[in-house]
Amino acid sequence: MPIELKMLAWSVALGLVHVLVGAALTTHQRGLKWNVGARDAVLPPLTGVAARVDRALRNFLETFPFFAAAVLAVVALERGDASTALGAQCYFWARLAYVPLYAAGVPYLRTVVWAVSLWGLLQVLWALL
């Protein structure tokens, strides 16, 4: 299996972890009754780590569809090379590092890590252009 597809699979797993951790933190903050209920009530926004993890998930979801599409196209068109393999790895590892950095509220370094993930995505995309 091409490394790009492996990184895509690991990125899917990372996305699921994002969702599960975010759900656990939200439930911890809002309560089990809210979690199992209809969720019709308007609630105040999440705060602290729960809010930061939620924003990190939203940030992940902004780039993941583009990464997935680029990886699938690179593999389908057999355009993969060392640059796309490195790009896919950079995207995954940077996204993995981004979660705890954002959750901990680390400024600046979090942005650098995000930029590395974007660079990785662009490396994959450039093989298609």
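The values are calculated or read from the model by the stated rules, or taken from the named source; none is laboratory data. This structure is a prediction, so every number in the text was calculated from the model and none was measured. Neighbour counts run over all protein chains shown; Cβ positions are idealised from the backbone, glycine included.
Overview of values
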read-out: Matching residues, the stretch 22-50, being surrounded by fewer than 16 Cβ atoms within 10 Å (Cβ to Cβ) and not in a loop (DSSP other than H, G, I, E, B); value: A23, A24, T27, H28, L32, K33, W34, N35, V36, G48
read-out: D54 being under 15 Å from the mean Cα position of the chain (by Cα), at pLDDT 95 or above and among the charged types (D, E, K, R); value: yes
read-out: Condition met for E78 (exposed (fewer than 11 other Cβ atoms within 10 Å of the Cβ) and either part of a helix (DSSP H, G or I) or basic (K, R) (or both)); value: no
read-out: Residue match in the stretch 85-100 (condition: outside any helix (DSSP H, G or I) and either in contact (Cβ under 8 Å) with a residue 12 or more places away in the chain or of a type outside the set (V, I, T) (or both)); value: no
read-out: Options A68, A13; residue that is in a helix (DSSP H, G or I), surrounded by 14 or more Cβ atoms within 10 Å (Cβ to Cβ) and not basic (K, R); value: A68
